[in-house]
């Protein structure tokens, strides 16, 4: 069985491209999480630097991640990334020491799942 492939990526955006970068990648999250091999995919923003985005990704293997990066929209972004970024990505490889916390729940399903969990906790029968 292949070893999971994970990393933390820092993306420093140009101030005038921050909103466009955020919108672009927020649109990718649900699709990326639905890809075969995606274990964790999170987009975060630094609390003190609004131009710094941090991605936490874990894939079932380096091959699964390679399939993700080979998708046309990812190839297109990679070619034009420096129009959004003030410096190239800073990528730190990681190894998972604890089990993944992600579930198979899609972002669009989260409100319904939250309502169901609240209902179950209120009425445990």
Residue by residue through segment 27-37, note down the ones that are more than 9 Å from the chain's Cα centre (by Cα) and buried (at least 16 other Cβ atoms within 10 Å of the Cβ).
37
Quick test for you: out of 74, 43, pick the one residue that is modelled with pLDDT of 95 or more and under 25 Å from residue 4 (Cβ atoms).
43
Filter segment 75-90 down to the residues that are in contact (Cβ under 8 Å) with a residue 24 or more places away in the chain and in a helix (DSSP H, G or I), then identify the one that is nearest to residue 23 (Cα to Cα).
77
Scan of segment 11-26 for residues that are surrounded by 15 or more Cβ atoms within 10 Å (Cβ to Cβ) and either under 16 Å from the mean Cα position of the chain (by Cα) or assigned to a helix (DSSP H, G or I) (or both), ordered by number
11, 12, 17, 18, 21, 22, 25
Which numbered condition trips up residue 74, out of (1) surrounded by fewer than 15 Cβ atoms within 10 Å (Cβ to Cβ); (2) more than 14 Å from the chain's Cα centre (by Cα)?
(2)
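The values are calculated or read from the model by the stated rules, or taken from the named source; none is laboratory data. All of these numbers come straight from a predicted model, not from anything done at the bench. All Cβ positions, even for glycine, are placed from backbone atoms using ideal geometry, and neighbour counts span all protein chains on display.
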